[in-house]
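These notes are about the structure you will find just below.
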Amino acid sequence: MVDAVMDLPEMQASSRLEATAPLGDAESLERLRERTEDAVTRLAGSTALVDADIPSAGDAGPGQEPSGKASGA
């Protein structure tokens, strides 16, 4: 689900991300960290708040193509 949201045109045009995820959803939190830069996670009750920078399409991280898709997937 993280990839589907991060690949939306609205997200591609944004530079910041603020998201909420259930504390037990380690897979989504890890994927958010992979797809963003300078991610900060804070606890808020039974959820985790994530604030992060969204890299521009030309700044794809390791294992990502400029489209945001993981390479080799």
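No lab work stands behind these numbers, since they all come straight from the coordinates. In this text the structure is predicted, and so the values were computed from the model without any measurement. Note: ideal-geometry Cβ built from the backbone for every residue, glycine included; neighbour counts use all protein chains shown.
Couplings 3J(HN,Hα) for segment 9-21, derived from phi with the Karplus relation 6.51 cos²θ - 1.76 cosθ + 1.60 (θ = phi - 60°), are x, 4, 6, 5, 8, 9, 10, 10, 10, 10, 9, 10, 9 Hz, where x marks Gly and Pro.
Amide H contacts of Ala48 (H built 1.01 Å from N, in plane; Pro and chain starts excluded): Ala21, Leu23 sit under 5 Å, all sequence-distant by 5 or more or on other chains. Say a paramagnetic label sat at a point 7 Å from the Cα of Arg42, along Cα to Cβ; which residues of segment 1-33 have their backbone N under 12 Å from it? Within reach of a label on Arg42: 19.
With kT/(6 pi eta Rh) evaluated at 20 °C and eta = 1.002 mPa s, and Rh the Kirkwood radius from Cα pairs, segment 1-47 diffuses with a coefficient of 188 µm²/s according to Stokes-Einstein.
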